[in-house]
1. Please find, within the stretch 397-423, the residue that is nearest to PHE509 (Cα to Cα) out of those that are part of a strand (DSSP E or B) and of a type in the set (Phe, Trp, Tyr).
2. From the list ALA95, ALA76, ALA52, ALA71, pick out the single residue that is out of contact with any Pro (no Cβ under 8 Å at 6 or more places or on another chain) and surrounded by fewer than 24 Cβ atoms within 10 Å (Cβ to Cβ).
3. Check whether at least one residue in the stretch 221-238 is within 20 Å of PRO284 (Cα to Cα), of a type outside the set (Ser, Thr, Tyr) and outside the structural domain of TYR125 (by TED's automatic domain parsing), and report yes or no.
4. With respect to ALA346, determine if the residue is surrounded by fewer than 13 Cβ atoms within 10 Å (Cβ to Cβ), within 13 Å of the chain's Cα centre (by Cα) and either at pLDDT below 65 or under 29 Å from PRO83 (Cα atoms) (or both).
5. I need a count of the residues in the stretch 262-295 that are touching a residue at least 40 places away in the same chain (Cβ under 8 Å) and more than 30 Å from TRP237 (Cβ to Cβ).
6. Just checking, which of PHE509, PHE540 is buried (at least 16 other Cβ atoms within 10 Å of the Cβ) and modelled with pLDDT of 90 or more?
7. Quick one: is ARG476 surrounded by 15 or more Cβ atoms within 10 Å (Cβ to Cβ), more than 46 Å from the chain's Cα centre (by Cα), farther than 19 Å from ALA533 by Cβ and not β-branched (Val, Ile, Thr)?
8. Across the stretch 498-511, what is the total count of residues that are under 16 Å from HIS482 (Cα atoms) and out of contact with any strand residue (DSSP E or B) (no Cβ under 6 Å at 6 or more places or on another chain)?
Amino acid sequence: MRTTHTLLALLASLLIALAAPAHAQDAPTEPQPQATTNANSEADPDLESPRATMMSFLEAMNDASNDPNAAVYQRATRTLDLPTSLPPESRRIAARELYAVLNRIGMVTEAQLPAQTDAERFRYYPQPDIVAHATFSAKYPGYIISLTTDAQGNWRFSRNTMDSIHEFYIATEDEAARAGVELDKTLIEHIRAAVPRSLKGSTNLGLEHWQWIGIFLVILVGIILDRIVRTILRVIWHRIEQHAADTPDQQSDTDTLNKAVRPFGLLAASGVWFLALTIGLLPPTPTMVLLVAVKVIWITGLVWGGFKITDLVAEWLATQAGKTETKFDDLLIPLIKRTAKVFITAVGLIYLASAFSIEILPLLTGLGIGGLAVAFAAKDTIENFFGSVAVILDRPFEIGDWIYVNDVEGTVEDLGFRSTRIRTFYNSLVTVPNATLVRAKVDNYGRRKYRRFKTMVNVTYDTPPEKIEAFCAGIREIIKLHPYTRKDYYHVWLNAFGPHSLDVLVYMFFECPDWSIELREKHRFMLDVIRLADRLGVEFAFPTQTLHVAQLDPTAEHNPANIPDTHAERRAVLEGRKLARELTQDQPWKTELPGPVSFAEEFDSEWEARGDSAG
């Protein structure tokens, strides 16, 4: 008797999987084409005939009553013609519903099942000569349980049967089981058993009233969980912000973190929706449709969250890179950030393709066939990409360098896959393809160790030679004392007799990391030269015209200049050096090296405080 019950349950499950949901008056007459045989393939022994398929299903479900593990249910669901995209839990529920309907229909003997059939389709229900409970079909007209065979000769419960099995299961839920064994209820079956009868019964869209309520509650729980996850993350990151110092960089980190919470809330909500669908809240058909939508939402949240995490890591790395002396990491971090985002996008597209059941391998094969055309079309893009790799390896410039390339002069702001962006001194942004940089001559002013400064200091012709000597010596001493000047090479000499002045050549170098510091130190140096000239009584010349009337008196005497003694030059040099030391002895840069140029208001506030304290 137990074997008969098992066989009956297997037959019932198989037939429900193959039957299509329809009422008696709407049930179409299904064609009965002749079966075709495939000489090159062999059928599975467990599925080679309607009898073998029914026995395989019943035996698997009988084993599931004792040990409901995944392997047992996989044996049962392989006899069902179900979509491959259907999740395992939904496939398991379909098998259980088919088994329950077969038990309610009645008993069948193995001898009543044909070993083979000449048609591709075998209808099990309704057939009074097979199903013992013949009045069952009159009570529930329109439902068909059938088996169909594929090209390999494997028999399975038909797709039409499995599409209608849920409605058949609901319609016959008040029928007592006439065969088979009782299976332990699943979570969704316990939920449905607790639902009042007034909320049961299919609506026009094929869902019961309690399922509509369940959909609403699941969506609501997902939205609430989304808000909870966002709030928790914001609280955690707010505490991190409180423990951090109040600096602009850390404030920027906090802003990035606050923007990163949304994708994680979306991931939590989609996780709830996915769980509700996999436990069998809805029938197979709407489950498949909504699963695709939920997977798309989940993949979107995953890619979005990956982008936000990449931004956080890149921002932290940029902060750390700003503390180092080299600028190579400043150039590399944005490129790594873009590479990571491209990789995350590629992974997201692969998972998105799997959500829509798109085969990746044939797609890649098609790309391989058309690869030559794609390569020609993307020649410039590929060339620019390898140009960016060459720039990174060769390192002709770094972020922040002042360069001159192809009539473009400015500061390097960004290096991308395709191009490099240069901010000109007119504040315009010029985009230079990376392939051009590989072939072009790049003049990198930012790599200068020294920045040359050459000028002529014009003094009046009536300046005594001793003062000129002291003036030149004082300028040399200022060069030695200033913090950002090159000490091993400079020239300060009386260099020319100009049309209106004596020209003193000042040729020196500033050792500065950027242009702003160079301008500041040049300003400081020139002010000290002006102070030195004032202390020595040296006057700067400017273009003038003097009308000189010659002396016509031949008796007029000429008073020649005094001949300098042996130590006159040395005394002038010592005087110039002494004055230069006096001018610079109380300067703040004597005790502390000036830092980078700051455009913030703190500098002015600091000096205002010093001025107030000084009275």
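1. Applying the filter and picking the extreme gives TRP402.
2. ALA71
3. No; the residues of the stretch 221-238 include none that is within 20 Å of PRO284 (Cα to Cα), of a type outside the set (Ser, Thr, Tyr) and outside the structural domain of TYR125 (by TED's automatic domain parsing).
4. yes
5. Total satisfying the criteria: 14.
6. PHE509
7. Spelling it out, it is not the case that ARG476 is surrounded by 15 or more Cβ atoms within 10 Å (Cβ to Cβ), more than 46 Å from the chain's Cα centre (by Cα), farther than 19 Å from ALA533 by Cβ and not β-branched (Val, Ile, Thr).
8. Of the residues in that region, 1 qualify.
The values are calculated or read from the model by the stated rules, or taken from the named source; none is laboratory data. From a predicted model like this one, the values you see are computed outputs, not experimental measurements. A quick note on method: Cβ atoms are made from the backbone with ideal geometry, for glycine too, and the neighbour counts reach across all protein chains shown.
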